[in-house]
Structure formats: structure tokens, C-alpha cells
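Values quoted throughout were computed directly from the atomic coordinates according to the rules given, and no laboratory measurement underlies them. Model, not experiment: these values are computed from the prediction. Cβ placement follows ideal geometry from the backbone for every residue including glycine, while neighbour counts extend to all protein chains displayed.
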Amino acid sequence: MPYVLILIGCIGLLFSSISLNINEIQQLDLSSVEWMSLHRSGMMNGLAITLSYLGGLPPMIVVVIIGSLYFLRLKQYANIFMLTIGLLGATTIGWIVKYAINRPRPDDVYQMVQTYGASFPSAHSIYAALLSCSIVFIFRKHRRAKLICLVCGFWFLSMGISRVYLGAHFPTDVLAGWSIGFIWAAIIWLMLSSNTLSKNKLFLNKNLNEVE
């Protein structure tokens, strides 16, 4: 599964990066934002804005802190590492890429929420994909693993779509964000599953702790 995520992430990141220099895809990006702006509704506006607040960095930090405290009580330190290093690394990578690419956001006339930084990639999409993948990895042997996967998939898809709906990002920004989140989550998982960490006795168990 981690290798599949890395492959999907690399393809998505490659496509979204190349598309920055293809006028036809850029026009499709803009058309998507324009089309969504013309099909807004009161209920959808409220839902999208709520997702925008919930998916930002401060709420993600709170989620990671709560999760870390829970796993600390269970002495599952690898899970704490995955959540904390995952979010820290993803945030750093995302903002470095934003600074390097410096893609302008959609015009202000389309934006329904306050935005920060450049458009590419979508930080909200990175956080959503990273958190979703991390939860799936941690709870992969839980008795309700399929339901957890379904909820996580719905979460990161909804977050990405909402960013385009709100006029905060183009679709390729969201695709790049998802891709970075997938790749980074998979890398962290592979690090924790390797023999290196167990030999160094960083964690109590050889592999990533599982929550039943």
C-alpha cells in the first residue's frame, strides 16, 4: 500500500507540476473555478467554509495533539511519531513548494475565504491527505477498518473539492496537495516499518503500533 500511494502521488505531482506550463490545462483550471462559483448555494457555502476552518493548520495541530496524548497513554510511540513528524514535515514541504512556485491564487472575485501564501499546492489538501493516510495506516487492522477508510477518503476528497468551490485554489493545486500528502505519509510509514528504527530501539515494537 505505501508503494502504491507513492506511485499515485508521484504521478499526480508530476502531472500538476507540468500542467503549470500548459495553457490548455490552466484554462481548464480557471473554468473549473468559474463554474463552481456560478453554482454556489447557501447550504454548500456554509459547509465549504466550515471545512475550510476545520482543515486549516491550527485545527490540525489540535487533532495531532489530542491523538498524540491518546497514543501516549497506550505507549504507542510510533503512532505519535507518525502524526507529529507527518504534520511537521508536510507543512514544511508544502510551504517551501508554495514559495518556490509562487503561483497566484484565483482572482479575488471568486474567493469566499481569506487565504494566505501562494496557490500551489493546496495546504488544506496536503493536511487532509496526510491525516487520512496516517489514520488508515494506524487503524489498518481495526475491526472497522473499511469504514475508517471510507470516512478518511470522504474527508480528503471533500476538503480538496471545497477549496476549489471557495475559489481559494485551482484543481491542480488540490491534486498537488493530495499527492504530497500521499507521498509523505507513505514515506513516514516505510520509515517506521523498517528495521533501522527497531535496531535503534526508538520504539517499543518492531513495527508501527496497531490500534484494535
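Summed over qualifying helices (DSSP H, 4 residues or more, each -39500 (n - 2.57)) and divided by its residue number, the chain shows a 222 nm mean residue ellipticity of -24000 deg cm²/dmol. 3J(HN,Hα) along region 67-80, derived from phi through the Karplus expression 6.51 cos²θ - 1.76 cosθ + 1.60 where θ = phi - 60°, amounts to x, 5, 5, 5, 6, 5, 5, 8, 6, 9, 6, 5, 5, 4 Hz, with x in place of Gly and Pro. Ranking LEU72, PHE154, THR115 by how far each Cα lies toward the positive end of the dipole of the chain (charges on Cβ) leaves LEU72 at the top.
Here the spin labels are modelled as points 7 Å beyond Cα on the Cα-Cβ line, and at PHE15 and HIS39 they lie 1.9 nm apart. Counting other Cβ atoms within 10 Å as a rough exposure proxy, the listed residues VAL174, VAL97, VAL151 run VAL151, VAL97, VAL174 from fewest neighbours to most.
Dipole magnitude of the chain about its Cα centre, charges +1 at Lys/Arg Cβ and -1 at Asp/Glu Cβ only, in debye to the nearest 20?
Approximately 1060 debye in magnitude.
The share of Cα pairs per 10 Å bin across region 6-59, counted from zero up to the longest distance, runs 19, 28, 40, 13 percent.
Comparing mean-square fluctuations of PRO59, PRO171, PRO121 from a GNM of the chain with C-alpha springs under 10 Å, the top value falls on PRO59.
Name the residue, out of ALA123, ALA100, ALA185, whose mean-square fluctuation peaks in a Gaussian network model built on the chain with Cα pairs under 10 Å. Most flexible of the set in this elastic network: ALA100. As a proxy for reagent exposure, CYS149, CYS10 were ordered by neighbouring Cβ count within 10 angstrom, fewest first; the result is CYS10, CYS149. Rounded to the nearest Hz, the phi-derived 3J(HN,Hα) couplings of region 7-14 under the Karplus curve 6.51 cos²θ - 1.76 cosθ + 1.60 (θ = phi - 60°) are 4, 4, x, 5, 5, x, 5, 5, where x marks glycine and proline. Amide H contacts of ARG103: SER119, PHE120, each under 5 Å away and 5 or more positions distant or on a separate chain (H built 1.01 Å from N in the peptide plane; Pro and chain starts excluded). Given the chain, what count of lysine pairs have C-alpha atoms under 22 Å apart, with each pair 8 or more places apart or on different chains? For the chain, qualifying lysine pairs total 5. Tell me whether region 44-130 comes out rounded, prolate or oblate; compute the Cα gyration tensor, take square roots of the eigenvalues as a ≥ b ≥ c, and use a/c under 1.5 as the rounded threshold. Oblate, since a/c reaches 1.5 and b/c is not below a/b. Which trypsin sites (Lys or Arg not before Pro) in region 131-186 pass both tests, a DSSP loop state and at most 16 other beta-carbon atoms within 10 Å? Within region 131-186, the qualifying trypsin sites (Lys or Arg not before Pro) (loop, at most 16 other Cβ atoms within 10 Å) are ARG140, LYS141, ARG143, ARG144.
Shown for HIS124, HIS39, HIS169: other C-beta atoms within 10 Å of each C-beta, ranked fewest to most, produce the order HIS39, HIS124, HIS169. Note on LEU69 and LEU28: the model spin-label points, each 7 Å out from Cα along the C-beta direction, lie 4.6 nm apart.
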